[in-house]
1. If I model a spin label at residue 59 and residue 174 as a point 7 Å from the Cα along the Cα→Cβ vector, what separation in nanometres do I get?
2. Given 0.36 nm per residue, what is the gain on full extension from residue 241 to residue 263 after removing their alpha carbon distance, in nm?
3. Using a basic spin-label model with each label point 7 Å from the Cα along Cα→Cβ, how many nm lie between residue 136 and residue 85?
4. Cα convex hull of the stretch 50-170: mean projected area in nm², to one decimal?
5. If each residue of separation counts as 0.36 nm, what is the full-extension length gain between residue 210 and residue 256 once their alpha-carbon separation is subtracted?
6. Work through the residues other than residue 55 whose Cβ is under 12 Å from its Cβ and net out their charges, Lys, Arg +1 and Asp, Glu -1.
7. Residue 153 to residue 118: extension gain in nm, 0.36 nm per residue of separation minus the Cα-Cα distance?
8. Placing +1 on the Cβ of each Lys and Arg and -1 on the Cβ of each Asp and Glu in the stretch 50-170, which of 91, 147, 122 has its Cα farthest towards the positive end of the resulting dipole?
Amino acid sequence: MDAESGNASLRSDPLRARVATAVFTTLQERMGATPTIPEWWPTLACLPGLRLRCRIRVAKRLPLPNAGEIRGAIGRCLMASGNTEVLACLFPSVRDDEPQGPFGHATPWAVHRTEEGLLELGLFADSPPHLIDIVQALMAAGRGRIGMHENVVFEGFEHQEELIEGDWRPGLPVRLGRWLPPPKDSADYALRLLSPLRIRRRGQDLGPSTLQPRDVLAQLMRRVTGLLQQAGMPPPGWDARALLAAIDGRPFQHCELRVTSLDRFSSRQDQAMRLHGLLGSIQLSPDVVEAFWPLLWMGQALHVGKTPCLGMGRYRMVVIEDH
């Protein structure tokens, strides 16, 4: 596929088609040659995306607030301020007056708190001004109580212009970031889970012995399609059934997983909850990584599986050094 052909689903939207072509051309220049990427990539490249991070500072020597506690505090501040527009953007399930699409209400943000005390936030909605409201709600939340802490300070904000791989630059972003996946090289890759992964099949949580590559990729495809739908954009144009059928029943090339849990308090249900997920690493076959490379790379920011807004499903693509 070349930059001129693009994706047929974008032809009805000239503006987004131009954006996709520009992204594709930049990717060509970056790689120094015409890249071999799937024909559905230009649509994915137009998904709105912002990424920022900041440092969490607390006074007490207690565990830092987790992603779920921070997310809940942001929601409470938005609700208290009456900012229903941003509240509906971050919590799509509150929009009871809007019918859900075939992929439900996709959560347009992902939160992750690192062990080093950094808060990473990804927003995947076509409204950059919302970011200011979210940061203001975050700062207001810090002046109250989050988890076991009061007066939590969020400082040293940084953002990425090239999402995932780009340098972190001081301050808040003023425009949407760009999705520019690096070229797929000959190395073998694994997905290292940085937070619990929770995927369900037929109503059942999958464990170390039941999770399959098809489950992970199906969830990624569903998440991207839902986010595109929610942003008012055309679908990727891929044949999901055919792509997934090609890997149906195939195991991981290597898998080291363990079950872990995440405790949270649900204000909506007014009760404590324990969510279970998987930590460890999974290695897909090289041909599967090759076929889904842009999607797998993009998923590092989007997260995969259930409740990305609670910090779950964060992973990193890592090169496998030893065989």
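1. Result: 3.6 nm between the two label points.
2. Numbers: separation 22, 0.36 × 22 = 7.92 nm, distance 3.51 nm.
That works out to 4.4 nm of additional length.
3. In this crude label model, residue 136 to residue 85 measures out at 1.1 nm.
4. 8.2 nm²
5. 15.3 nm
6. Details: positive: 53, 57, 113; negative: 116, 120, 155, 158.
Taking every Cβ under 12 Å from that of residue 55, the sum is -1.
7. On the way: separation 35, 0.36 × 35 = 12.60 nm, distance 1.15 nm.
Gain on stretching residue 153 to residue 118: 11.4 nm.
8. Towards the positive end, the residue furthest out is 147.
Each value in this text was obtained by applying a stated rule to the coordinates, not by laboratory testing. Keep in mind the model is a prediction, meaning the values are calculated, not measured. Neighbour counts run over all protein chains shown; Cβ positions are idealised from the backbone, glycine included.
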